[in-house]
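Let me begin by presenting the structure, written as structure tokens, before commenting on it.
The values are calculated or read from the model by the stated rules, or taken from the named source; none is laboratory data. Predicted, not measured: the structure shown is a model, and the values here were computed from it. Counting neighbours? That spans all protein chains shown, and the Cβs are built from the backbone with ideal geometry, glycine included.
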């Protein structure tokens with residue numbers, strides 16, 4: 001008996017070791033990548049182009065960040081990104097939360113299919129007609145086309161997540177409200193919606209992140225002063241061929257809010273992504 | 001008529017119990033009102049572009065000037081357009097590789113993250129970061145890492161005693177390199193979907209297998225894999241759709257280069273419409289691309305339906 005448990009313990013220990021080793025192997029590409037990104041952003045130019053590479057910024061410098069904000073109008077681009085992503089997310093919640101409720105309650109799987117098709121359509125395919133439409137309306141060069149096209153990303157995400165969430169809610173409470181004489185709008189507004197708040201949070205975070213990350217709509221529709229951050233960062237590459245420090249600093253500025261949000265809200269994000277397999281654009 | 005019955009029914013307490021309003025036909029029409037605003041938005045920004053694209057695809061449509069009707073000419077052009085056909089082949093090769101690698105790694109990762117260990121939450125969050133990070137930003141950092149002389153990747157290769165690679169600067173290595181980036185970025189999504197599946201599996205078969213002395217591999221092979229299979233299929237189909245649509249990373253890292261060695265359908269589409277301003281031909285390509293993706297998403301729906309039936 002005791003020999004049996006010893007063998008088992010050795011086996012278990014080996015299993016644990018294998019597990020930790022696997023996890024380390026799996027997460028090291030991400031860790032090394034983001035550490036290298038930090039390293040590039042905080043090193044001076046001489047160290048950045050040294051070979052063999054210098055790994056640890058010594059001393060760390062903020063010059064790259066100062067350079068990025070001095071040479072480019074990054075403040076404007078940041079404000080653009082904030083306006084576009086917040087508006088597109090806000091509108092998507094306004095339209096998408098009731099829609100998710102309606103579709104879930106009406107059992108309208110056909111409407112859900114439409115959302116699914118929107119999810120699989122390449123973002124680029126919306127751009128040709130919308131580009132012409134906005135040109136015709138004289139809106140190119142304003143933020144309006146960006147907000148509207150970002151709805152293509154945010155509305156399906158919100159509707160898709162909310163359908164799943166409302167379907168999962170127990171129907172008894174709303175039924176009780178209806179029996180007590182509430183209208184279906186009141187049942188939604190005062191019973192179902194408060195219960196679905198976690199779902200709304202998940203939908204909001206994911207819609208915001210995928211709107212913030214979007215590149216393709218901005219690259220076609222944005223004018224010089226209406227660039228969003230991803231487009232602005234791409235232009236840093238085109239104009240300053242091999243100045244790696246500022247480039248990495250710019251990349252870090254764009255993606256830092258998203259990375260922080262992911263670290264802070266990891267539970268919600270994992271829940272949302274697991275449920276829907278959502279991705280924007 | 002149906003309106004009055006629904007109003008009547010609402011005052012009858014017994015009815016909701018027998019036929020809950022959530023599934024009652026009487027309410028269905030009114031629940032549609034909830035979806036109306038979103039339906040208008042979807043019609044304007046999603047359905048209108050689809051229809052207008054179809055319309056443009058049968059016209060010779062440049063940015064300015066007249067737009068004569070040309071019938072199927074734009075579609076016929078694709079049949080003799082070598083550049084389009086090469087892009088199609090490249091897209092399929094890229095997609096196949098970008099499904100297989102992330103699915104294999106993603107399943108492995110899901111099995112790892114399904115067991116309990118210290119700092120699991122943190123490890124999982126770090127693992128998910130690549131898919132949440134802004135694609136343009138990570139593409140720029142990859143571009144710097146791929147630099148043939150000064151890039152850190154070739155330095156790492158030299159540390160391991162391997163010869164340097166040309167990464168994205170050679171037509172022979174550019175597609176595998178882009179697949180590597182795609183795998184790095186999107187394995188987490190596969191992991192999350194499969195992990196969600198594994199988490200929902202019953203525990204009894206594992207307990208029984210442990211009592212019978214099965215080892216980890218046997219449990220994975222004979223319990224986890226068959227039970228989680230539907231989720232793996234869903235993850236693979238989603239991955240396939242996303243790989244077909246891949247744009248940001250390829251655009252930023254290579255812009256389809258060197259030459260046209262990494263020009264996928266999406267990149268060619270972009271160039272045709274927004275660099276050459278041949279909107280008619282571009283629209284026709286969109287339609288073909290869309291049909292391709294639609295066929296694959298129907299596969300997804302089919303799989304989902306099967307899952308519901310189980």
(request) Can you work out which of the residues in the stretch B:198-212 that are free of Cβ contacts under 8 Å to residues at least 60 places away in the same chain and under 30 Å from the mean Cα position of the chain (by Cα) is farthest from the other protein chains (Cβ to nearest Cβ)? (result) B:202
(request) Say whether the condition of being within 26 Å of residue B:274 (Cα to Cα) and more than 8 Å from chain B (Cβ to nearest Cβ) is met by at least one residue in the stretch A:157-176. (result) no
(request) Would you confirm whether any residue within the stretch A:27-34 is closer than 12 Å to residue B:112 by Cα and either surrounded by 13 or more Cβ atoms within 10 Å (Cβ to Cβ) or in contact with a helix residue (DSSP H, G or I) (Cβ under 8 Å, 6 or more places away or on another chain) (or both)? (result) yes
(message) Name the single residue that is surrounded by the most Cβ atoms within 10 Å (Cβ to Cβ) among those in the stretch B:4-32 being facing chain A (nearest Cβ under 7 Å) and modelled with pLDDT of 65 or more.
(response) B:31
(request) Evaluate the following for residue A:93: is it more than 8 Å from chain B (Cβ to nearest Cβ), surrounded by fewer than 14 Cβ atoms within 10 Å (Cβ to Cβ), touching a helix residue (DSSP H, G or I) at 6+ places or on another chain (Cβ under 9 Å) and in a helix (DSSP H, G or I)? (result) no
(message) For the stretch B:133-156, check the following and say yes or no: at least one residue is under 27 Å from residue A:21 (Cα atoms), at the interface with chain A (Cβ under 7 Å from one of its Cβ atoms) and part of a loop (DSSP other than H, G, I, E, B).
(response) yes
(request) State whether the residues of the stretch A:111-129 include one that is closer than 20 Å to residue B:37 by Cβ, buried (at least 24 other Cβ atoms within 10 Å of the Cβ) and facing chain B (nearest Cβ under 10 Å). (result) yes
(request) Give the residues of the stretch B:47-66 that are in contact with a helix residue (DSSP H, G or I) (Cβ under 8 Å, 6 or more places away or on another chain) and more than 10 Å from chain A (Cβ to nearest Cβ), sorted by residue number. (result) B:58, B:59, B:60, B:62
(request) Please go through the stretch B:261-290 and pick out each residue that is modelled with pLDDT of 90 or more and in a loop (DSSP other than H, G, I, E, B). (result) B:261, B:262, B:263, B:264
(request) Consider residue A:274 carefully, then state whether it is modelled with pLDDT of 90 or more and either surrounded by 19 or more Cβ atoms within 10 Å (Cβ to Cβ) or assigned by TED's automatic domain parsing to the domain that holds residue A:42 (or both). (result) no
(message) Of everything in the stretch B:213-232, what is within 30 Å of residue A:216 (Cβ to Cβ) and away from every other protein chain (no Cβ under 12 Å)? Give them in sequence order.
(response) B:232
(request) Taking residue A:98 as the residue in question, decide whether it is outside the structural domain of residue A:252 (by TED's automatic domain parsing) and either over 30 Å from residue B:54 (Cα atoms) or part of a loop (DSSP other than H, G, I, E, B) (or both). (result) no
(message) Quick check on my filter: what residues within the stretch A:253-266 are in a helix (DSSP H, G or I), touching a residue at least 40 places away in the same chain (Cβ under 8 Å) and more than 7 Å from chain B (Cβ to nearest Cβ)?
(response) A:253, A:257, A:261
(message) For the stretch A:96-110: of the residues being more than 7 Å from chain B (Cβ to nearest Cβ) and touching a residue at least 60 places away in the same chain (Cβ under 8 Å), which is farthest from residue A:148 (Cα to Cα)?
(response) A:104
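Here is a yes/no grid of residues against (1) surrounded by fewer than 16 Cβ atoms within 10 Å (Cβ to Cβ); (2) without any contact (Cβ under 8 Å) to a residue 40 or more places away in the chain:
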residue: A:140; (1), (2): no, no
residue: A:189; (1), (2): yes, yes
residue: A:199; (1), (2): no, yes
residue: A:213; (1), (2): no, no
(request) Would you mind finding the one in B:53, B:95, B:67 that is at pLDDT 85 or above, more than 30 Å from residue A:189 (Cα to Cα) and not assigned by TED's automatic domain parsing to the domain that holds residue B:270? (result) B:53
(message) For the stretch B:126-150, give me the residue count where each residue is farther than 27 Å from residue A:219 by Cα and surrounded by fewer than 22 Cβ atoms within 10 Å (Cβ to Cβ).
(response) 4
(request) Would you please name the residue that is farthest from residue A:260 (Cα to Cα), looking only at residues in the stretch B:95-123 that are facing chain A (nearest Cβ under 8 Å) and touching a residue at least 60 places away in the same chain (Cβ under 8 Å)? (result) B:105
(request) Collect the residues in the stretch B:103-120 that are in a helix (DSSP H, G or I) and under 17 Å from residue B:225 (Cβ atoms), keeping them in residue-number order. (result) B:103, B:104, B:105, B:106, B:107, B:108, B:109, B:110, B:111, B:112, B:113, B:114
